[in-house]
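Shown next, in structure tokens, is the structure this report addresses.
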Amino acid sequence: SGGTEVESGTLLVAAPGALNGAGTVAVTGGTLGGDGTVGGPVAVTGGGVLLPGGSNTVGTLTLANTGAAALTFSGGRLLCDLATVAGSCDRIDVAGTLALSGTNRLALAFTAGTPPAGTYTLLTYAARSGTGVLVRDRPYPNATLTVGATAATLTVTGAGITYLTWTGAASGTWDTTTANWTLLGTPSTYTAGDAVLFNDAAAVFTVGASGAVAPSSVTFDNSVENYEISAILDGTETSVIKMGSKSATLSGVNTYGGGTVLAGGFLTVGSTANLPAGPLTFQGGILRFTGTPPSSLGAYDVNWDSFSGGLELTSGTLTLADAISGSGSLSKSGAGTLILSGMNSFRGGTAVNAGFLRMNHAQALGAGDIAVAVGGQVDLTGNLTVTNAISIKGVGATSSGEGAIRSVNGTTNTWSGPVTIAENQARIGCTGGGLLEVSGVIDSGANVYEVVVRMPNDTGGTLLLSANNTWLGNTWIRCGTIKLGIDHALPTGSVLRLGLSAGQTGVTNSTLDLAGFNQRVAGVTDVGTDNRHLVTNTEDAFSTLTINNTAAYTFSGEFTGNLDIVKTGASTLTLSGVSSTSGGLIVSNGNLVVSTSGSLGSNSTNITVAAGTLTLQNSAALADEASLRIADGGGAKVTLAEGVNETVGYLYFGEKLCM
């Protein structure tokens with residue numbers, strides 16, 4: 001008796017099977033199909049699809065409920081196959097009432113060849129209610145859809161459903177006198193009102209006209225060649241349908257009024273002058289603006305409940321404020337900026353292939369995953385907590401490479417979903433001194449990929465890590481701050497690098513702030529000399545940095561704040577900077593070389609060599625009042641380089657005070 005919800009994917013009820021429960025079957029984003037029987041009411045909303053018979057097979061789906069809402073259509077789609085036998089098609093038989101609300105769309109598919117003339121019954125029902133409509137998602141020549149009192153039928157006349165197909169056999173001119181077309185394989189000329197098709201079989205792919213043309217529809221089905229149409233497309237009912245994987249460019253000042261369907265590939269326009277206002281349907285295709293895009297798509301009637309497709313912006317900024325729902329996906333490409341400010345719930349995921357995608361709402365990216373490609377960037381604009389999973393590549397879309405995910409303009413944001421590092425040295429950052437907290441786990445799978453933090457040279461920013469992250473590569477803070485929000489937020493097998501690459505400049509420090517937490521790393525080193533390199537603790541509570549290096553490293557930066565340092569690992573760590581830490585030092589393995597006066601800081605007075613070697617290469621390497629403890633048993637030693645004389649306040653061997 002409970003209900004069933006089809007949110008994504010396909011649920012097929014195959015004969016002689018049945019879905020006999022009395023509960024409502026809600027198709028909210030996926031597809032319900034088959035040739036069996038459904039017992040309860042069926043409600044199709046938000047881009048949901050009914051597919052009687054299954055994909056590319058003719059069959060009848062029976063809805064046995066006899067109620068006043070046996071089948072409710074509200075923003076849904078009906079996909080029916082038509083066969084090559086007259087009248088043979090998919091059908092839905094509804095025992096009760098068909099209730100229509102809003103705009104619902106009929107899509108046709110052909111099982112093989114051209115459906116011939118005849119009457120195709122798509123729906124039968126006991127009664128019809130509501131003020132909604134069922135319309136074809138694209139016009140077909142010689143075909144009329146009628147939604148009557150008890151049935152919805154498609155009447156096909158003449159030679160059946162076919163197109164006047166462009167060949168360009170004589171020229172690239174679209175007029176009424178030149179045989180640049182074929183109809184059912186015979187050379188033909190164009191007549192106003194024809195439904196025309198541009199495919200890959202033509203000889204010419206640049207098409208112009210001396211005046212406006214008004215076909216009933218213009219369909220591009222090109223997956224090999226790109227088309228450019230400079231003709232002015234006119235006609236109140238004229239529509240443009242783009243299928244196939246290649247591009248069709250409209251460069252005329254078009255005035256057609258029947259709407260635009262993007263079902264595949266790219267529809268390329270310079271500006272809104274080439275794309276007149278009207279219905280704009282995204283069914284998997286991409287709208288490409290090569291010039292300045294509109295500030296929004298408000299002039300177009302977009303069905304956001306079933307949106308699936310993308311926008312490519314060469315420059316400029318376009319804002320989508322409407323709520324996008326359904327099972328579709330969104331892609332962003334081009335160097336321009338796409339702003340999402342709606343509370344979206346679409347489930348198909350988001351691909352940022354290039355340029356900027358700016359989030360003005362925490363749910364702007366819907367319920368799916370996000371993939372950021374090289375050259376792409378997701379910007380967070382303030383006080384947002386984003387829960388989506390995201391995969392990132394590259395350094396971002398700016399020339400300075402400040403991150404594939406960024407908090408911008410000094411704002412504070414949180415990314416709580418998991419973050420996958422999908423390429424070596426992928427970057428995360430902030431601008432304007434802002435803060436980005438990543439509370440989701442950052443992981444690189446089985447790949448040894450380094451994570452890079454790069455803030456602006458002048459303003460800096462902070463990346464707060466509050467999960468135990470698991471990426472397998474090193475950590476490089478080029479500019480700005482990583483701040484810990486949990487013990488061991490950095491992977492314990494990661495080597496910490498600080499500083500800018502050779503040739504880069506900046507005034508912002510490269511900083512790891514332990515912030516009262518503890519961290520183990522596999523080494524610490526630095527590069528470049530243009531900015532300061534700091535490992536610090538800005539909190540009153542002491543932090544411990546454990547350096548477990550199995551390879552030799554040199555660190556010329558500074559340790560500051562209430563920070564204890566523990567040297568483990570069998571290899572050598574050389575400290576050559578001047579520090580001011582107030583904590584202690586423990587050497588428990590390997591060799592710690594202190595090469596510069598003040599490398600441990602004048603306030604670091606508690607030094608223990610539990611095992612391994614402490615090598616002093618400067619007579620002022622230790623504070624004069626320091627307490628130096630050397631474990632007995634022969635496993636620990638202190639080595640003074642030639643000419644070095646060191647003064648300490650207390651010297652212990654084991655527990656025995658020697659001076």
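A short reminder: the numbers here are calculations on the coordinates, not readings from a lab. All figures in this text were calculated on a predicted structure; none of them were measured in a lab. Please note: Cβ atoms are built from the backbone with ideal geometry, for glycine as well, and neighbour counts cover all protein chains shown.
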(message) I need the phi-derived Karplus couplings for region 250-262: 6.51 cos²θ - 1.76 cosθ + 1.60, θ = phi - 60°, integer Hz, Gly and Pro marked x.
(response) 9, 10, x, 7, 7, 9, 4, x, x, x, 10, 10, 10
(message) Could you check the spin-label model distance between THR84 and ALA192? Points 7 Å from the Cα along Cα→Cβ, value in nm.
(response) 3.6
(request) Could you calculate the FRET efficiency of VAL133 with MET343 from 1/(1 + (r/R0)^6), where r is the beta carbon distance between them and R0 is 25 Å, rounded to 0.05? (result) 0.35
(request) Have a look at the DSSP beta bridges in the chain and tell me what percent are antiparallel, nearest 5. (result) 10
(message) Within region 224-245, name every residue whose backbone N is under 18 Å away from a label modeled 7 Å from Cα of VAL204 along the Cβ vector.
(response) 225-233
(request) Using the number of other C-beta atoms within 10 angstrom as an exposure proxy, rank CYS479, CYS80, CYS658 with the fewest first. (result) CYS658, CYS80, CYS479
(request) Assign one of three labels to region 515-570, namely rounded, prolate or oblate, based on the Cα gyration tensor with a ≥ b ≥ c the square roots of its eigenvalues; rounded applies when a/c is under 1.5, prolate when it is not and a/b is larger than b/c, and oblate otherwise. (result) oblate
(request) Provide ARG288, ARG358 in ascending order of the number of other Cβ atoms located within 10 Å of each residue's Cβ, fewest first. (result) ARG358, ARG288
(request) Compute the FRET efficiency between ASP624 and PHE542 as 1/(1 + (r/R0)^6), taking r as their Cβ-Cβ distance and R0 = 22 Å, and round to the nearest 0.05. (result) 0.45
(message) Restricted to Cα positions, what overall size does the chain have along the principal axes? Three whole-Å values, descending.
(response) 111, 63, 35
(request) For region 389-493, go through all pairs of different Cα atoms, get the mean of 1/r, take its inverse, and jot down that Kirkwood value in Å. (result) 13.1
(request) Assuming R0 = 22 Å, can you tell me the calculated FRET efficiency for the pair ASN226 and THR292, based on Cβ-Cβ distance, to the nearest 0.05? (result) 0.50
(request) Can you work out the PRE-style zone for ALA389? Point 7 Å along Cα to Cβ, and I want the residues of region 461-500 with backbone N under 20 Å. (result) 466-473
(message) Shape verdict for region 23-65, please, from the Cα gyration tensor: rounded (a/c under 1.5), prolate (a/b greater than b/c) or oblate.
(response) oblate
(request) Please compute the net charge surrounding GLY168, taking Lys and Arg as +1 and Asp and Glu as -1 over other residues with Cβ under 14 Å from its Cβ. (result) -4
(message) Using 0.36 nm times the number of residues separating SER400 and GLU642, minus their current alpha carbon distance, what extension gain do you get?
(response) 82.5 nm
(request) In debye, nearest 20, what is the charge dipole magnitude of the chain about its Cα centre with +1 on Lys and Arg Cβ and -1 on Asp and Glu Cβ, if you could check? (result) 420
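Could you work out how much longer the chain between THR146 and LEU183 gets when fully extended? Use 0.36 nm per residue separation minus the Cα distance between them, nm to one decimal. Each step should come with its number before you reach the end.
Working: separation 37, 0.36 × 37 = 13.32 nm, distance 2.63 nm.
Computed gain between THR146 and LEU183 is 10.7 nm.
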(request) Among ALA541, ALA515, GLY557, pick out the residue whose Cα is farthest towards the positive end of the charge dipole of region 502-579, where Lys and Arg carry +1 and Asp and Glu carry -1 on C-beta, about the Cα centre. (result) GLY557
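Taking a ≥ b ≥ c as the square roots of the eigenvalues of the Cα gyration tensor of region 255-294, is the shape rounded (a/c under 1.5), prolate (a/b larger than b/c) or oblate?
oblate
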(message) Let me test this: with uniform point scatterers at the alpha carbons of region 549-659, what is the Debye-based log₁₀ I(q)/I(0) at q = 0.22 1/Å?
(response) -1.29
